[in-house]
Amino acid sequence: MKIKFNWKFAAALVFFMAKVAAGQEPWALEKCLEYAYQNSPRLKVAQKSIDEAEGQAQSSAAILYPQLNFSSSYTKNSPAPFGGFGGSIPSSRIRPSLVSADAYEHAFGLNYTLFSWKIKPTLEIASANVDRLQADFRQTKNELTLEVKKAYYTVLFTDQLVNISSQAEEVAKNNYETTEKLYKEGKVSHFDVSRSKVRWVNSQSDLIETKSNYQTALEALRTLMSLPSDKELNLSGSLSEEMLEISVEEALDKAYANRPELQSLSFLEKVSSSTINLEKAARLPSFTLTYNYGWQANDLYSDPDKYFKYWTFLGKISLPIFDGFTAKGRIKAAKASLERVKGSKEQLQDLIDLEVRQAFLTFQAAKDRISTQKENVNTAQENLRIATEQYKLGLLSQLELKDAELSLTEAETNYQRALYDYSIGLAQLEKAQGL
């Protein structure tokens, strides 16, 4: 029997397996961040605010261009009180709306603001608002970055706690089995067996709790990423042991240069300053030009040569004389707003200084703990190895063995927590610097 190879089926199978493999690809931190950037509702809302401001800026720029309009109208008049102007005046020289019961009119209108003191501040306000909202977008993105990093590191940390609890449970189980063996040999009491079993059961409960904490952390990360529940989320990576050298002075310099909150207030300061100029411009003259061209007829389908054609040209200078102190009040309010923004900016600089210093201290403290805790883990592992061998020989009490087990679990937990605190501290310090 000859079997025919189905190339289409094979290709479909390979494509399906590739999709499955892609769906199970581990999520590194960069991939988690990129997915969150693309799908976060917060960033989408912030982007829409930018789009709205850009639309308003485009609308404000319309003042730079002439405005062209077209109108078409029909007028029904009562009978004219006189029968025209005599046969010596051509009908095309008489406006139909004056002598005809029916008047059809078409007209083009051109308006242009040749000069106004309001133009420059209006454009400055629109541009600064776009820049301000872009800075707000970066702030929102930085906040999301920190939250995703915290959630990501929490998943890695709780995963390590699961491993530690699993190892502790395995050690407790082995010690329980060893204690039972020693009991049968008459070297320990039944109380020792019972106590070792209780310790084993407790370690099982700890393992269940750490697994639950791991799942909770994973769901928190999934929520921040806006990742659907039917999509796999298997993380790759580990808590970093790479020690970075950062000075607090360098961190402060970067924060003052990069923090989007400061940039946002700087742009808001520009808005307030330009608003003052805009309100002052309300007292100053403006010059506009208007040109209209139109034609009328008493019949919609009249010969174009019989249309009454007309045009007008208007140059207009507007100069406010007295507005009931409206402009004065608005200028006063705009100046107060500017001073308020300046005060907020100074206050924010102090808060940023404090935030950077606190983040630096947290980062540095975690960094200093890592080396000592790592050495402590090595010592605790060796102590447990010696204690286990001595316990098997009946040279060590169960209480002393338990102390060695707890010391190792505590040392490993403290080491992983130091790595976790270091990663979180670094993420907070980066966010404090506006990176």
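Bear in mind that the values in this text are calculations on the coordinates, not laboratory data. A quick note: this is a predicted structure, and the numbers were derived from the prediction, not measured. Counting neighbours? That spans all protein chains shown, and the Cβs are built from the backbone with ideal geometry, glycine included.
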Pairwise FRET efficiency - Lys44 versus Glu410, Cβ, R0 = 41 Å, nearest 0.05: 0.35
Test item: Cα-centred dipole of the chain, Lys/Arg +1 and Asp/Glu -1 on Cβ, debye: 1920 debye
Over 24 Å (Cα to Cα) - which of Lys120/Lys280; Lys150/Lys367; Lys118/Lys141; Lys141/Lys367 fall in this group: Lys118/Lys141; Lys141/Lys367
Over the chain, relative contact order from alpha-carbon pairs under 8 Å, at least 6 apart, %: 24 percent
Over region 210-350: Kirkwood hydrodynamic radius from C-alpha pairwise inverse distances, Å: 23.6 Å
Total charge dipole magnitude, region 179-241, about the Cα centre, Cβ charges on Lys, Arg, Asp, Glu only, Debye to nearest 20: 360 debye
Over region 269-357, volume per residue of the alpha carbon convex hull, in Å³: 186 Å³
Reach of Lys184 by Cα under 18 Å, taken over lysines that are not fewer than 8 positions away in the same chain: Lys173, Lys197, Lys392
For Val188, distant residues with modelled amide H under 5 Å away: Tyr183
Extension reserve of the Glu250-Leu110 stretch, reckoned as 0.36 nm per residue once the Cα distance is removed: 44.6 nm
Antiparallel %, DSSP beta bridges [both residues in the chain], to 5: 95 percent
Anchor Lys231: aspartates and glutamates whose Cα lies under 18 Å away (excluding residues fewer than 8 positions away in-chain): Glu25, Glu30, Glu34, Glu219
Pairwise FRET efficiency - Gln58 versus Asn292, Cβ, R0 = 35 Å, nearest 0.05: 0.85
Given (1) 1.06; (2) 1.80; (3) 1.14, the label whose value is Cα Rg over 2.2 N^0.38 Å derived from this model: (2)
Descending semi-axes in Å of region 90-217, equivalent ellipsoid built from Cα gyration tensor: 91, 19, 8
Cα lying deepest toward the dipole's positive end in the chain, options Ile164, Thr140, Thr326, charges on Cβ: Thr326
Thr223-Asp102 pseudo-label distance in nm [points 7 Å out on the Cα-to-Cβ vector]: 7.2 nm
Tilt relative to the chain, helix 398-432 - C-alpha long axis, 0 to 90 degrees, to 10: 20 degrees
Stretch gain in nm, segment Glu242-Ile321, where the contour uses 0.36 nm per residue and the Cα spacing is subtracted: 21.4 nm
Given the chain, longest segment not containing exposed loop chymotrypsin sites (Phe, Trp or Tyr not before Pro) (DSSP; at most 13 other Cβ within 10 Å): 86-300
Per-residue [θ]222 nm for the chain (sum of -39500 (n - 2.57) over DSSP H runs n ≥ 4, rounded to 500): -24000 deg cm²/dmol
Two-site FRET efficiency, Arg283 against Lys231, from Cβ-Cβ distance with R₀ of 60 Å, rounded to 0.05: 0.45
Two-site label geometry, Tyr37 and Gln390: point separation in nm, points 7 Å out along Cα→Cβ: 5.6 nm
